[in-house]
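To start, the structure itself, in structure tokens.
The values are calculated or read from the model by the stated rules, or taken from the named source; none is laboratory data. All values reported here derive from a predicted model rather than from experimental measurement. Neighbour counts are summed over all protein chains in view; Cβ atoms, including those assigned to glycine, are modelled from backbone coordinates with ideal geometry. The protein model used for the area step is the full one, side chains on, heavy atoms only, and it has no ligands, DNA or RNA in it. Shrake-Rupley method; radii C 1.70, N 1.55, O 1.52, S 1.80 Å.
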Amino acid sequence: MAVGFRFRDFVPEESSEKGFDTLFKLFMQLVTITSGDVAEALSWLNELDKQYGLTDDEYGMGDFIEDLKKKGYIDENEQQLGELKITAKTERQIRRSSLEEIFGKLKRGTQGNHRTPHAGQGDELTTDLRDYQFGDTIEQIEMTESLRNAQLNHGLEGQYLLTEGDLEVRDTEHKTQTSTVLMIDISHSMILYGEDRITPAKKVAMALAELVKQKYPKDFLDIIVFGNDAWQIEVKDLPYLQVGPYHTNTVAGLELAMDLLRKRKTANKQIFMITDGKPTCLKEPNGYYKNSFGLDRKVVNKTLNLAAAARRLKIPITTFMIASDPYLQQFVREFTEINQGKAYYSSLKGLGNMIFEDYKRNRRKTL
């Protein structure tokens, strides 16, 4: 009797993830959006529960809050009794969740898509595979992948062939240190027009910080924010970061970034800048010079001068512009040309992917 296939209607299984795990994933997203405000995050979670029935008679919202306390994710604020706050454990978990959310979605592109002049000649193995190149050592060849390629390319019938085109090798990186400054625009426009731009920027910063900590512990990552002024923040401050009633003082941000990089004794230095608007503000001895109505010549010229200064210091600036206005893109093109850096006119959706790919690519070469 011939063996065949038996078909039946597909009945999807109910998710086995119940109770705490389901609510915790939502809570982590909400507490990031609310900049660490536990009460507001739980209030939103209650509304979602009413709408979608996230809890039941066996496990309610009160049980979830008690579990958050027992597991060490929230605690009472010592300064204001009765008010809840997230803990250092939650801050670490938010960074790891951001890393998984952003970096976990990155897919390996076509082989050789991100080669640099140093690829394949380094001294630190990576998880990436690529085509064999002249000069690669036998130890680098991945035999399992290469044999599989030979079978797929030449088949099993007749003479078995293993050619140079079938070979894949484990890529390497030089053990160089990289110093990166990530600049985040916190001007008021980052939440204008009904679009939350600051939360994706925070997630990217937290994910990048966690990646550096886990995979490149010898690298340096500094994070600064800029509005009317610019100041440095710690990684632990990122979940609480909020937009203020600020203009955009790009000059102050670039000056601080360059000061930080001057102190780093590494060969590779770079600046990543996430912004959605034009520079509109300068700090002067007598106060702030502001103009929100256009590209002010005085502000623009000082910004472009800093782009040139960074180029002389061999500090490339990569700008991630979350805006589509043609006149703003023209300014970014001029800024990028003077610095000889790079610019992306990014949607929020693709922001994390581009920053991560650029970081990985740039740290493999001397900029």
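Ser43 exposes around 60 Å² of accessible area when a 1.4 Å probe is run over every protein chain in place.
With the whole protein complex present, Met273 retains an accessible surface near 10 Å², based on a 1.4 Å probe. Annotation: amide H of Asp222 within the under-5 Å range of Thr180, Val181, Leu182, sequence separation 5 or more or interchain, hydrogens built in the peptide plane. For the range 178-366, the carbon plus sulfur part of the accessible surface works out to 51%, probe radius 1.4 Å.
Remark on the range 177-263: Rg and Dmax equal 13.1, 40 Å (Cα only). Extension gain for the segment Leu26 to Lys314, taken as residue separation times 0.36 nm less the Cα-Cα distance, is 99.4 nm to one decimal.
Given R₀ = 35 Å, what would the calculated FRET efficiency be for Ile141 paired with Asn77, taking r from the Cβ atoms and rounding to 0.05?
Details: r = 57 Å, r/R0 = 1.64.
Using R0 = 35 Å, I get an efficiency of 0.05.
Residue separation of Glu164 and Glu66 scaled by 0.36 nm, minus their Cα-Cα distance, works out to 29.2 nm of gained length.
With all protein chains in place and ligands, DNA and RNA left out, the 1.4 Å accessible area ranks Ile141, Ile33 as Ile33, Ile141, largest first.
Note on Ile33 and Ala267: the extension gain reaches 80.6 nm, defined as 0.36 nm multiplied by sequence separation minus the Cα-Cα distance. Computed from phi, the 3J(HN,Hα) profile of the range 251-257 under the Karplus parametrisation 6.51, -1.76, 1.60 (θ = phi - 60°) reads 4, 4, x, 5, 4, 5, 4 Hz, with x in place of Gly and Pro.
Each label point was placed 7 Å from the Cα along the Cα-to-Cβ direction; for Tyr345 and Asn286 their separation is 3.9 nm. Would you please give the FRET efficiency between Arg96 and Asn305, computed as 1/(1 + (r/R0)^6) with r the Cβ-Cβ distance and R0 = 35 Å, to the nearest 0.05? Efficiency, from the Cβ-Cβ distance: 0.30.
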